[in-house]
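Below you'll find the structure, written out as structure tokens, and then a few comments.
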Amino acid sequence: MAKSISLKRDGFSPFMTLIYIIMSLVGIITLFPFFITMVNSIAPPEDFIMKDIILWPSRFDLSYYKLILTSGSDIFAAYKVTLFVTVVGTAVNLVITAMTAFVLAQKKLPFRSQITVFIVFTMFFNGGMIPNFLLVQKLNLLNSLWAMILPGAISTMYMLFLRNFFMTIPTELYESAALDGCSEVNTLIRIILPLSLPALATFTLFYAVDHWNDFYSGMLYISDYKKQPLQVYLRQVLYDATVRADPETMQKLLGDGELKYEPPSDAMKAATVISATLPIICTYPFLQKYFVKGMMMGSLKG
Amino acid sequence: MTNINPGKSKMLLDILKFRYYYLLLLPAIIFYIVFSYIPMGGIIVAFQDYNFMKGILGSEWVGLKWFEMLFTSSDFGTVLRNTVLISTYTILVTFPTPIIFALILNECRNLTFKRTIQTVSYLPHFISWSIVAGLIVTMLSPSAGIVNQIIKLMGYEPIYFMAEPQYTRGIIVLSVLWKELGWASILYIAALTGVSAELYESAILDGANRLQQILYISIPGISNIIMMTLIFAISGLFNVGFEQAYNLVIPATYETGQVISTYVYKIGIRNMQYSFSSAVGLAQSFVSMLLIIGANHAARKFNQDGAIW
């Protein structure tokens, strides 16, 4: 009986076919913008002139990438800024987050709940854009890369998740270590952190992706275009008529015949978009299980 | 030491015992004071005529001048209207769709297929708004964009979608849908896997078809989460994110796409009217806070576990 029921649920029907078609469409619509932008970024200039519709390039042409990714180009500079902010920012985040979470996980710490309230309060109230800007201005951090790191040195939400995780580690483990004369810092480094590697990996990813995608603080605190992060640079390029390419590389590519025409600005923009997206897309398949795990750990920000 | 009572000295001893812990906590405490509490105090510039040279402590007090200016400014009327319209449309479109997506996905019996679609659908959540804008600008480009190539093939004139005010709100709403559909469905999908299989089996025995199973078992099984999400979506009514609006709206489309957050940025950071823009930001935070408190109250009434405090 039970078997026949399950067979009925699994069986083929127009209803099931419709469901698979709809879901496949959702998948295709999700991926299509990446696909078509990728195609635009490798289609040769003649495709843009000759073809009515570009669904596939007539040949793979990487010259736009050569033009924008040379060492003299703007995107290269923006890439360096974003890499610095992501690496250093994530390191700062992890150190402070782990220290704070470790201390707040000590159930016997005097004033623990008062300190927690002091911290959690900031999740619900903040000064807003302008007071934050005025503060960073007063601290002389405008146009400094640290303005994209320090104001976000801790995410209260990630810190609280990590604290909850630390609290699941049995206290006997490190209380006996303390009896053996192990200092607090050593306890954290030698006992707690090695036991928390999967959780730490998850938060490293969260922080790194947040830094990589950070648009807001770059927009707010950085006006020197040489120090713009990738996302801010990208926003600026999108609505410009032309994308500035390194003139030397341009001459070389045109002279070699690798480029038959001046590169179309749509293709240059597409190549810029893909250059900024690729690191996320390439790592995503490996990372997504951590993200979903983190989401489940306490329903993250939507 | 003799004049300290025993309870107090025990506490002092405790604090002494935990001194290294407090030392580890110090960077975080400094961080929260400097980057959270000081800006909270900085809100008072909304009641001042802030002058950079004089600073917050030396600037002149003007009371509610900026708030009065706010309600008489015609710019603000447009910006408020855009904000409420865009967020209302966003809720109308992006609230029901993840539920429908989760319900349909839940019907898929092929686990590999199901997992693939799930993984693909989360991807756009991890892409920044400037990249989303980049993908949209590429697709809608009047010269080489795929959408206009199709329009031209059908014999019509290409449309410069990004610069035409009548398309701006639609572009914003649809891009939120594209970006967050999968991620917003995670909670529903998780809740649906928790609905007992026995319920479905007995429904089948009673002769319920697929649609009836969805209507009478799946949806009631996730109604709590649906309600919570709706309440908190409504609490965001006066807030359209800075990043999405800033990346998808250009000066040509301000009349339909300029929202409070991008307006605060423009008049505050670009035009350096710090006090007026703080007042705008404060008014928005105040209304948002009332909505969140109201939503939380409603959530608690509906379900004890749903409230955030």
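Only the coordinates and a few stated rules stand behind these numbers; no lab work does. Owing to the predicted nature of the structure, the values given are computational and were not obtained by experimental measurement. Methodologically, a virtual Cβ is constructed for each residue, glycine included, from the backbone with ideal geometry; neighbour enumeration extends over all protein chains shown.
Counting other Cβ atoms within 10 Å as a rough exposure proxy, the listed residues A:V209, B:V62 run B:V62, A:V209 from fewest neighbours to most. Within straight-line reach of B:K8, meaning a Cα separation under 23 Å, sit the following lysines at least 8 residues removed in sequence or on another chain: A:K107, A:K108, B:K17. The share of C-alpha pairs in segment B:65-306 whose separation exceeds 29 Å stands at 44 percent. For the protein assembly as shown, the average shadow cast by the Cα convex hull is 36.5 nm², which is a quarter of the hull's surface.
Shielding by partners for peptide A:150-162, expressed as the average number of C-beta atoms from other protein chains within 10 Å of each residue's C-beta, is 2. When the Cα positions of B:Q284, B:L57, B:G134 are compared along the charge dipole of chain B, B:L57 comes out farthest toward the positive end, with charges on each C-beta of Lys, Arg, Asp and Glu.
Max-minus-min Cα coordinates of chain A on each principal axis give 76, 75, 37 Å, with the largest extent listed first.
Across B:R109, B:R169, B:R81, mean-square fluctuation computed from a Gaussian network of chain B (C-alpha pairs under 10 Å connected) peaks at B:R109. Charged side chains reduced to their Cβ positions (Lys and Arg at +1, Asp and Glu at -1) give the protein assembly as shown a dipole of some 1340 debye around its Cα centre. Centre-to-centre separation between the Cα atoms of segment A:232-255 and those of segment B:134-154: 21 Å. Shielding of peptide B:179-189 by partners, expressed as the average count of other chain Cβ atoms within 10 Å per residue Cβ, is 2. Once you reduce segment B:183-249 and segment B:79-105 to the center of their Cα atoms, the two points are 13 Å from each other.
Peptide A:23-29 has a mean shielding of 6, counted as Cβ atoms of other protein chains within 10 Å of each residue's Cβ. Put in order of Cβ neighbour count within 10 Å, fewest first, the listed residues B:H297, B:H125 become B:H297, B:H125.
So if I take the alpha carbon set of segment A:74-227, get Rg, then get Rh from the Kirkwood formula, what is the Rg over Rh ratio? Looking at segment A:74-227, the ratio lands at 1.04. Ranking of B:L205, B:L282 by neighbouring Cβ atoms within 10 Å, starting from the fewest: B:L205, B:L282. Residues whose amide H lies under 5 Å from that of B:Q48, counting only those 5 or more places away or on a different chain, are B:V62; hydrogens are built 1.01 Å from N in the peptide plane.
Please tell me which of these pairs span more than 19 angstrom C-alpha to C-alpha: A:K51/B:K179; A:K80/A:K260; A:K80/A:K226; B:K179/B:K266; A:K66/A:K269? Pairs exceeding the cut-off: A:K51/B:K179; A:K80/A:K260; B:K179/B:K266.
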